[in-house]
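Before any comments, here is the structure.
The values are calculated or read from the model by the stated rules, or taken from the named source; none is laboratory data. As the structure is a prediction and not an experimental result, all values here were calculated from the model. Ideal geometry is used to build each Cβ from the backbone, glycine not excepted, and the neighbour counts take in all protein chains shown. Note: areas computed on protein heavy atoms with side chains; ligands, DNA, RNA excluded. Shrake-Rupley method; radii C 1.70, N 1.55, O 1.52, S 1.80 Å.
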Amino acid sequence: MPRRAGGLALRAYKLSKRRDQDISAVFAAFALVLDGDRVVSARIACGGVAATPTRAVATETTLAGSRWTAATAEAAARTLEGEFTPIDDMRASAAYRRRALGNLLRRLWLETEANAHAPTRAEQVSATDGIPESFADPAQAGRGGVLHRWVRAHPEEQRRRDRDADDVDE
């Protein structure tokens, strides 16, 4: 097996109703070779948005040779959102699939940029794990249900969640 290239940012994301043993509504795999803040090469494969898993060639072209910045990631996300013509089915609408692809590329940016500190995933914990009530889903709290909390919560994200919670309380 060849050694992994230096500067390789490799991520694969699956969006489905269940974590395991479920067909993906959307799947994306990203392989970016970064040299400092420059994208040397990009390979992107997407599933659930075409008849078979397909490379996102236009988005790869947008990224290759560019600086890996928020603006580049946003431009590439918009390109990716328009690159495929997915179908509506029981797993997801076409609009959801397009938007999800762009958001997965935005997530890649958040996880790989130089100051990666934004929350990118939620984890499941049981109600007995001593999670503060502020993290609990009120509908599930105290009933042994699954609670969610953000991992590595970014201060701006926490402020947004606090504002949203204040709006609900009113």
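Contact list please: Cβ distance under 7 Å, first residue in the range 89-114 and over 12 Å from Ala77 (Cα atoms), second residue acidic (Asp, Glu) and surrounded by fewer than 16 Cβ atoms within 10 Å (Cβ to Cβ), pairs at least six apart or on different chains.
So the pair list comes out as Ala94/Asp88.
What's the number of the condition Arg11 fails, among (1) basic (Lys, Arg); (2) farther than 17 Å from Ala100 by Cβ; (3) in contact with a helix residue (DSSP H, G or I) (Cβ under 8 Å, 6 or more places away or on another chain)?
(2)
In the range 1-40, what count of residues is obtained for those that are open to solvent by 50 Å² or more (accessible area, probe 1.4 Å), assigned to a loop (DSSP other than H, G, I, E, B) and touching a residue at least 40 places away in the same chain (Cβ under 8 Å)?
Residues meeting the conditions: 3.
Within the range 123-132, identify whether any single residue is at pLDDT below 55, under 21 Å from the mean Cα position of the chain (by Cα) and of a type outside the set (A, V, I, L, M), and answer yes or no.
Taking every residue of the range 123-132 in turn, at least one turns out to be at pLDDT below 55, under 21 Å from the mean Cα position of the chain (by Cα) and of a type outside the set (A, V, I, L, M).
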